[in-house]
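Heads up, the thing below is written out as structure tokens.
The values are calculated or read from the model by the stated rules, or taken from the named source; none is laboratory data. Predicted model, so just to flag it, every value in this text is computed and none were measured. Ligands, DNA and RNA are excluded from the accessible area calculation, which covers all protein heavy atoms including side chains. Shrake-Rupley method; radii C 1.70, N 1.55, O 1.52, S 1.80 Å.
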Amino acid sequence: MYDSFIIALKIKEVAKSRNVTLKYMLEQLELGSNTISNMRHGMMVSAGTLACIADYLDCSVDYLLGRTDNIDVNR
């Protein structure tokens, strides 16, 4: 249903637009250094992990999942 490769690319794109390196973000979130690489190779992260990444990047989970083109968080 959701392609982990595409989600990893979206995370990378948003991080770059926020001037955040993936390495730094993963360290701050206490996630493994291979998290994004694993996603690019087909492993999906948990919903909680995806929510933490979205919160850190100040974007919506729906955007990362490709369910919307609106990057803003609905608050």
Can you go through Thr68, Thr49 and tell me which one is open to solvent by less than 60 Å² (accessible area, probe 1.4 Å), within 20 Å of Met1 (Cα to Cα) and more than 11 Å from the chain's Cα centre (by Cα)? Thr68
State yes or no: is Asp62 acidic (Asp, Glu) and not in a loop (DSSP other than H, G, I, E, B)? yes
